[in-house]
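Here's the structure, in structure tokens; my notes come after.
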Amino acid sequence: MTTTGTGAGWATHAAGLVAALTEAGDLHDPAWAAALAATPRHLLVPIAYRQQPDGAWVEVDTSGPDLELAYSPTTLVTEIDADGRATSSSTKPDLMLRMLEILDVHAGQRVLEIGTGTGYNAALLAHRLGDHLVFSIDVDVHLVAAAAERLAGFGRHPHLAARDGVDGWPEHAPYDRIIATCSVPRIPWSWEQQLGPGGKLLADLKLGASAGNLVLLTRHDDRLEGRFTGRWAAFMGMRHHGDTTLDRAPNAQTSQQRTTTTPAQPWNTDREVWLLACLALPAHLRHGYTLDPATRTPKAATLSAPDGSWCEIDLTTAEDGSRQIREAGPTSLWAQVEHAYQRWQAWDRPSWERLGLTVTDDAQVVWLDQPRDIIHRIDLS
Ligand SMILES: C[S@@+](CC[C@H](N)C(=O)[O-])C[C@H]1O[C@@H](n2cnc3c(N)ncnc32)[C@H](O)[C@@H]1O
């Protein structure tokens, strides 16, 4: 393998990254340490984008002055759409390594990755397993072409293809491991069908914005089953050609006011509660903030649904611990959050590892502690 590139000294930076991730407890396996040390991330992410406080994106040259950035535990945004939203990135190496270790990958295994992006994770996998055992797909044909060219530039040739990851890549199945580096609102059944017996799948299940976490599932005869993983992480959502969301504008003028004692922004502070709430809340929910016009800092959190339901929760609390909320529209969104919070407290505030998921061909079931203790069943038609 050649290690040429404009970034003289990248190997020193890569060695520093290995040391930093080892020290932080994100990296234990010497085989992954060797892969990390040998993979020139700056060649896969020559240009990244950094967001300014005013929302504008500026280019960062990781092959030149910002070489060090490519070898830091930082997500590097590489694609931005016309609305200024990030649509592809190189995932932060600490998270990537943590996921590869959780997935328990061994020499000789065939691995499918959903979400090629820059090809960095595919490069790590190919170093560990050999090019012939690594399969990676992305919905964006240009990203796949760029990744293939850059990987080839330092001697890596994993199997890559431009396809919608929701269908997996059946032509090369079965796989021993599947890893998804974009989030999904449901685990596609095609992934179960493409895993060999006892195979493992690690994916970011997000029912809505921030509502979920990484889940490690094992393939049994008729289902995938497993638990959410301890530390919270978030990937950009899976997109499909022709995606649209039709939203009715919220009508805050007709709102009703009341008080609540439930935390104002569970998507930030109590993410397990937020998952439980989103099991009952409408899909395509958005959360955000209302800014104080004088200070430009958040004064209230907001939730809105495509049907026009809306609520706004003050961030400041009264002396008795309550907050004011205003709600409008056909559904009381906040009532579902309050209900989820009460259930979570009644169950002794379970952390992620106590929550699990079973996926069958007709349902996805979230459970507490053991599969028979069902919290919620989502029927798939
Ligand atoms: C966080 S990036 C992946 C990072 C990548 N693994 C790396 O190492 O650079 C998420 C990727 O998922 C891709 N993606 C989004 N929707 C997809 C879909 N339906 N099928 C396959 N890939 C998809 C995006 O194009 C984006 O490149």
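The values are calculated or read from the model by the stated rules, or taken from the named source; none is laboratory data. Keep in mind it's a predicted model, so treat the numbers as computed, not measured. Cβ: placed from backbone, ideal geometry, glycine included. Neighbour counts: every protein chain shown. With ligands, DNA and RNA removed, areas are computed over all heavy atoms of the protein, side chains included. Shrake-Rupley method; radii C 1.70, N 1.55, O 1.52, S 1.80 Å.
Using a probe of 1.4 angstrom, how much of the accessible area of segment 66-156 is carbon and sulfur, in percent?
49
Taking θ = phi - 60°, what integer Hz values does the Karplus form 6.51 cos²θ - 1.76 cosθ + 1.60 yield along segment 278-292, in sequence order, with x for Gly and Pro?
Once rounded to whole Hz, the list reads 6, 5, 9, 7, x, 6, 6, 6, 10, 10, x, 9, 9, 8, 5.
Can you tell me which of Pro298, Pro53, Pro158 moves the most in a GNM of the chain? Springs connect C-alpha atoms under 10 Å apart.
Most flexible of the set in this elastic network: Pro53.
For the chain, modelled as a GNM with alpha-carbon contacts under 10 angstrom, which of Val166, Val184, Val58 fluctuates the most?
Between Val166, Val184, Val58, it is Val58 that shows the largest mean-square fluctuation.
Could you give the length gained on full extension between Asn268 and Thr254, defined as 0.36 nm per residue of separation minus the Cα-Cα distance, in nm?
Taking Asn268 through Thr254 to full extension adds about 2.3 nm, to one decimal.
Which GluC sites (Glu not before Pro) from segment 278-342 combine a DSSP loop assignment with at most 11 other Cβ atoms within 10 Å?
Passing sites in segment 278-342 are Glu319.
Would you tally the net charge around Ala173, using a Cβ to Cβ cut-off of less than 14 Å, leaving Ala173 out, and scoring K and R as +1, D and E as -1?
-1
Tell me which of Thr254, Ser322, His284 sits at the most positive position along the dipole axis of segment 252-346, charges placed on C-beta atoms (Lys, Arg +1; Asp, Glu -1).
Checking the options against the dipole of segment 252-346, the answer is His284.
Can you tell me the convex hull volume per residue for the chain, based on C-alpha atoms, in Å³ to the nearest whole number?
Considering the Cα atoms of the chain, their hull volume per residue is 159 Å³.
Once phi is turned into θ = phi - 60°, what whole-Hz ³J(HN,Hα) does the Karplus curve with 6.51, -1.76 and 1.60 give for every residue of segment 297-311, x standing for Gly and Pro?
10, x, 10, 8, 9, 10, 10, 9, 10, x, 7, x, 5, 8, 8
Say each of Ala11 and Ile47 gets a label point 7 Å from the Cα, pointing the same way as Cα to Cβ; how far apart are those two points in nm?
Once both label points are built, they end up 2.9 nm from each other.
Compute the acute angle (0 to 90°) between the alpha-carbon long axis of helix 141-153 and the principal axis of greatest extent of the alpha-carbon atoms of the chain; round to the nearest 10°.
For 141-153 against the chain, the angle is about 40 degrees.
What FRET efficiency would be calculated for the residue pair Glu319, His106, taking the C-beta separation as r and a Förster radius of 51 Å, to the nearest 0.05?
Once rounded, the FRET efficiency stands at 0.30.
Amide H of Arg110: which non-local residues (sequence gap of 5 or more, or other chain) have their own amide H closer than 5 Å, using H built in the peptide plane?
Amide H neighbours of Arg110: Asp176, Arg177.
Over the Cα atoms, compute the radius of gyration (one decimal) and Dmax (the largest Cα-Cα distance, rounded to a whole number) for segment 1-120, in Å.
14.9, 48
Treat each spin label as a single point 7 Å out from the Cα along the C-beta direction, and report the Ala19 to Asp361 distance in nm.
The answer from the label model is 5.5 nm.
How much FRET efficiency would the formula 1/(1 + (r/R0)^6) give for Asp61 and His172, where r is the Cβ-Cβ distance and R0 is 41 Å, rounded to 0.05?
0.70
Where the convex hull is taken over the Cα atoms of segment 9-58, what is its projected area averaged over directions, in nm²?
Answer in nm², one decimal: 4.7.
Need one number: convex hull volume per residue for segment 129-209, Cα atoms only, in Å³.
101
In µm²/s, what is D for segment 252-346 at 25 °C and 0.890 mPa s, where D = kT/(6 pi eta Rh) by Stokes-Einstein and Rh is the Kirkwood radius from Cα pairs?
182
Could you do me a favour and compute the accessible area per residue for segment 225-381, 1.4 Å probe, result in Å²?
Per-residue value: 53 Å².
Could you tell me which residue out of Ala126, Val166, Leu103 lies farthest along the dipole of the chain toward its positive end? Charges go on the beta carbon: Lys and Arg +1, Asp and Glu -1, centred on the Cα centre.
About the Cα centre, the residue reaching furthest to the positive side is Leu103.
Of the DSSP beta bridges with both residues in the chain, give the percent that are antiparallel, rounding to the nearest 5.
Of those bridges, close to 75 percent are antiparallel.
Using the Kirkwood radius over C-alpha pairs as Rh, can you work out the diffusion coefficient of segment 182-311 via Stokes-Einstein at 37 °C, viscosity 0.692 mPa s, in µm² per second?
Answer, rounded: 193 µm²/s.
When averaged across all projection directions, what area in nm² does the alpha-carbon convex hull of segment 171-215 cover?
Reported value for the Cα convex hull: 3.1 nm².
Averaged per residue, what accessible surface does segment 1-107 expose to a 1.4 Å probe, in Å²?
That works out to 46 Å² per residue.
Would you mind calculating the gained length between Ala34 and Gln370 on full extension (0.36 nm times residue separation, minus the Cα-Cα distance), in nm to one decimal?
That pair, Ala34 and Gln370, stretches by 117.2 nm at full extension.
In segment 146-284, what % of DSSP beta bridges are antiparallel (nearest 5)?
Restricted to segment 146-284, the bridges split so that about 65 percent are antiparallel.
In segment 252-346, what percent of the accessible surface is made up of carbon and sulfur (1.4 Å probe, ligands and nucleic acids excluded)?
47
Helix-derived [θ] at 222 nm for the chain: sum -39500 (n - 2.57) over DSSP H runs of at least 4, divide by residue count, nearest 500?
-7500 deg cm²/dmol
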